[in-house]
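Take a look at the structure set out below.
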């Protein structure tokens, strides 16, 4: 959990693609599943190489979702963490689809 906590960004001005990627990579490392990591690598290659502009509101929402996922993990509520992460990834995919160049 330490690496996940360290990847969290509390300042919206500091939140960017790199910070988002660091959070998701820390989750992957914690999961320690080679199949999940391989599948995620393909998805990340698409999302992080696609030019996109985000808004202040979108960044705040992502930061809040990251914090909620971390808190669920820290509390040992893995079913909630899984649900929050799934919701976060689905919302992110929809956002990228609507806003990519």
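The values are calculated or read from the model by the stated rules, or taken from the named source; none is laboratory data. Predicted model, so just to flag it, every value in this text is computed and none were measured. So basically every Cβ, Gly included, is an ideal-geometry build from the backbone, and we count neighbours across all protein chains shown.
Some notes on this structure:
- Options 27, 52, 4; residue that is surrounded by 13 or more Cβ atoms within 10 Å (Cβ to Cβ), in contact with a strand residue (DSSP E or B) (Cβ under 8 Å, 6 or more places away or on another chain) and either on the phi > 0 side of the Ramachandran plot or in contact (Cβ under 8 Å) with a residue 12 or more places away in the chain (or both): 52
- Of residues in the stretch 73-101 being outside any helix (DSSP H, G or I) and touching a residue at least 24 places away in the same chain (Cβ under 8 Å), the one farthest from residue 19 (Cα to Cα): 101
- The stretch 83-94, subset in contact with a helix residue (DSSP H, G or I) (Cβ under 9 Å, 6 or more places away or on another chain) and modelled with pLDDT under 90, residue farthest from residue 63 (Cα to Cα): 93
Yes/no matrix, rows are residues, columns are (1) part of a helix (DSSP H, G or I); (2) farther than 18 Å from residue 97 by Cβ; (3) in contact with a helix residue (DSSP H, G or I) (Cβ under 6 Å, 6 or more places away or on another chain):
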{"site": "10", "(1), (2), (3)": "no, yes, no"}
{"site": "27", "(1), (2), (3)": "yes, yes, no"}
{"site": "36", "(1), (2), (3)": "yes, yes, no"}
{"site": "44", "(1), (2), (3)": "yes, no, no"}
{"site": "60", "(1), (2), (3)": "yes, yes, yes"}
{"site": "64", "(1), (2), (3)": "yes, yes, no"}
{"site": "71", "(1), (2), (3)": "yes, yes, no"}
